[in-house]
Amino acid sequence: MIELLALPGWNTPPLELDALVARLTAQGYPPAVTREDAGACWLEVGALRLRGYAVIEGNELTAINFELTAPDPEPARRVVEEAALALGWEIHPDEPGDERDFEDE
């Protein structure tokens with residue numbers, strides 16, 4: 001499993017959950033959303049074996065920890081990266097040892 005942490009970029013406008021859902025849906029991967037409470041929810045795209053734990057403060061997303069569990073995680077990684085880029089968010093490896101540096105892309 002690969003974990004990626006998505007965080008708002010510098011001076012990025014606030015992002016609501018609906019905007020992220022719309023972005024993933026526009027890429028052809030509408031996520032199922034399961035709310036845990038007012039401050040968190042899970043986003044799941046079964047076709048990519050991708051899920052993300054989203055932290056919400058008020059109506060704004062503050063962080064998302066994505067889990068990529070497919071044997072080939074590259075399709076899910078591309079979807080996450082494209083959505084993040086379009087929304088002004090940054091992606092960082094969330095596990096020690098994940099040597100891919102997203103800052104260089």
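Throughout, read-outs are computed from the coordinates displayed, never taken from laboratory work. Note that the coordinates shown come from a computational prediction; the quantities given were computed from them, not determined experimentally. Methodologically, a virtual Cβ is constructed for each residue, glycine included, from the backbone with ideal geometry; neighbour enumeration extends over all protein chains shown.
The figures follow:
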{"quantity": "Hits in region 7-33 (condition: part of a strand (DSSP E or B), of a type outside the set (D, E, K, R) and in contact with an Asp or Glu (Cβ under 7 Å, 6 or more places away or on another chain))", "calculated": "Leu7, Ala32"}
{"quantity": "Candidates Glu67, Glu90 - the one that is more than 22 Å from Thr34 (Cβ to Cβ) and either out of contact with any strand residue (DSSP E or B) (no Cβ under 7 Å at 6 or more places or on another chain) or among the acidic types (Asp, Glu) (or both)", "calculated": "Glu90"}
{"quantity": "Filtered residue count, region 57-77, keeping only those that are part of a strand (DSSP E or B) and closer than 17 Å to Leu4 by Cα", "calculated": "8"}
{"quantity": "Residue that is farthest from Ile64 (Cα to Cα), among those in region 28-43 that are surrounded by fewer than 15 Cβ atoms within 10 Å (Cβ to Cβ) and not hydrophobic (A, V, I, L, M, F, W, C)", "calculated": "Gly28"}
{"quantity": "Filter pass, Gly46 being in contact with a strand residue (DSSP E or B) (Cβ under 8 Å, 6 or more places away or on another chain), surrounded by fewer than 15 Cβ atoms within 10 Å (Cβ to Cβ) and not aromatic (Phe, Trp, Tyr)", "calculated": "yes"}
{"quantity": "Residues satisfying the stated conditions in region 4-36, i.e. touching a residue at least 40 places away in the same chain (Cβ under 8 Å), in contact with a strand residue (DSSP E or B) (Cβ under 7 Å, 6 or more places away or on another chain) and within 17 Å of Thr62 (Cβ to Cβ)", "calculated": "Leu4, Leu5, Ala6, Leu7, Pro8, Gly9, Thr12, Pro14, Leu15, Glu16, Leu17, Leu20"}
{"quantity": "Residue among Thr62, Thr12 that is within 18 Å of Ile91 (Cβ to Cβ), among the β-branched types (Val, Ile, Thr) and over 14 Å from the mean Cα position of the chain (by Cα)", "calculated": "Thr12"}
